[in-house]
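First the structure, in the form of C-alpha cells, and then the observations on it.
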Amino acid sequence: MLALLIWQVVLGHPWGKNAISNGNVIGWTIFLWLVYLRLITVRLVTEIRDGELIVALRGLWRSRRVPLDRIQSVEIIDHDPVREFGAYGVRTTRAATAYLAGGAGAVRLALSGGEKLVVGSARAEELAAALRAAVKH
C-alpha cells in the first residue's frame, strides 16, 4: 500500500483503469500500518504463579489459565507451527490447542481429561523444567 500511495498520490499516476480515489489509498495505507504496528507489539507471555500456568498473547488475546494440578505430563517438542497448526497465534486442532509466537521450540502438556496444550517458547527447556518442578505432586 505504501508503494501504491507513492505511485498514485505522490507521483500522480493512477493505478489501473478504475483506480481508487487518493483518499481511499491514504486511508487504507494508514489503516494497514496501524494493524501492522499493533501486531508487532503482541508478545507471548508464559507465567507460572499461584498454582497456575498462565499463557497469553499480550495485546491480542485473553490469557489462558491452567491449574497446575490438571497437568499430567510435560514434554519438550520441536515442531513446524505452519505445517502442524496452520500458522502462529492461538490455534486449535484435533490434536491440541497451541499458543505459538515464533520459532520451533515448544512444550506439549497433557492435561487431565485428555486435552493437549502446546506452548511455544524460545526457552522450552527452562519452561519444561519449571513446570515439572511446580507440578510435582
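Structural remarks
- Estimated [θ] at 222 nm from DSSP helical runs (n ≥ 4, -39500 (n - 2.57)) normalised by residues in the chain, nearest 500: -8000 deg cm²/dmol
- Applying 1/(1 + (r/R0)^6) with R0 = 35 Å to the Cβ-Cβ distance of L4 and I54 gives a FRET efficiency near 0.25.
- Axis of helix 124-135 versus longest Cα principal axis of the chain: the two differ by about 40°, to the nearest ten degrees.
- Relative intensity, log₁₀ I(q)/I(0), of the chain from a Debye sum that treats every alpha carbon as a point, q = 0.17 Å⁻¹: -0.86
- Averaged over residues, the count of other Cβ atoms within 10 Å places the peptides 40-47, 95-102 in the sequence 95-102, 40-47, highest first.
- Loop-located trypsin sites (Lys or Arg not before Pro) across region 67-137 with a Cβ neighbour count of 14 or fewer within 10 Å are R94, R123, K136, with loop assigned by DSSP.
- Segment K116-A129, extension gain: residue separation times 0.36 nm, minus the distance between their alpha carbons: 2.9 nm
- Between helix 22-39 and the chain: long-axis angle, C-alpha atoms, 0 to 90°, nearest 10: 20
Values in this text are rule-based calculations from the coordinates and carry no lab data. The structure presented is a predicted model; accordingly, all values stated were derived computationally and were not measured. Because the Cβ atoms are built from the backbone with ideal geometry, glycine has one as well, and the counts that use them run over all protein chains shown.
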